[in-house]
Amino acid sequence: MFRFIFSVTLFLIVNIAFSQTSDTLFVESNGLKLHTVLTTPEKANKRALAIIIAGSGPTDLNGNQMKNKNNSLLFLSDELVKNNIATVRFDKRGIAKSSYAGFNENSLIFDNYSDDIVSLIDFYSKKGFKKIFIIGHSEGSLLGLIASKQRKIAGFVSLCGAGNPIDVTLKNQLRPQLPPAMFAEAESIIDSLKSGHLVKNVSSQMNMLFRHSVQPYMISWFKYNPAELVKKLNIPLLIIQGDKDIQVTTAESDILHNASPSSSYVIIKDMNHVLKTIKGDINENVASYTNPDIPVNNELVSTIVKFIK
């Protein structure tokens, strides 16, 4: 069971231009403290809140990694707040300001992250937010879907989320990038992990992706099927995908929509995986991952605002 404690507000920032207030709160989840930022506009409906979940890897609450600073989730939050929607962003356990002494990658499983989201829903519900929406980006979409099975929320936004189980998506991503021999090894490792078996012998070329310490996490991740979870949702669902996304294709979002035909489905022209507008080629697309000054796509913002309101 999760224990919840009153979290201390560490600082208060008032942004006059937006008339917004940001509170840093630490939420306890299963003995760990998660760093969260609650941002509320002056005229916000206190009862409604959007929890934004970051994607895979060491991605912080702003949507950034150590070498990839793009501020995607920070900008998305700012735009929602401008439209009088309160938001919560958070660092996932073990990442950025949610890091902790004794973190061990071997002991981390996918369900830890989804359980943490349940903790956030419970915590902010107790603070008076009765209509909680989840916006899950990339891997965060699957995490949010799992959490949504355990708590009643007002609506769900899948943002650049995969429709296939991750083992299928991973194969589709690796196949065009690897020489045949390397892909054959990757495919064999993925199939073993899918069946629940750890792989002892991993080549040096594959070790970064399939190192021993991350294999328990991948086994726990591979057991989930996003399309099956979407079928069971009984709340409003919005699926958003960019046609310039080089990580998750529209074929993936099509699967989600086909699993839930009543969902709202929007493919945004020229939007990439980090939610930026790309008019040029692959080089512009890749460069946007490390450009913290490009705003998020306007249609993305208006679509989410319309859905929540």
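Taking a cut-off of 19 Å between Cα atoms, list the lysines near residue 171, but don't count ones fewer than 8 places away on the same chain.
Hits, sequence-local ones excluded: 194, 223.
Quick one: check the C-alpha center-to-center distance for the range 50-76 versus the range 174-227, whole angstrom.
Comparing the Cα centres of the range 50-76 and the range 174-227, I get a distance of 25 Å.
When we measure straight from the Cα of residue 92, which aspartates and glutamates land under 17 angstrom away, once same-chain ones fewer than 8 places off are left out?
Straight-line reach from residue 92, under 17 Å: 28, 60, 105, 111, 115, 116, 122, 139.
Too long at a 20 Å Cα-Cα cut-off: which of 43/306; 126/232; 82/269?
Going by Cα-Cα distance, 126/232; 82/269 fall outside the 20 Å limit.
Any read-out appearing in this document is the output of simple, stated calculations on the displayed coordinates, not a laboratory observation. The structure displayed is predicted, hence computed values, not measured ones.
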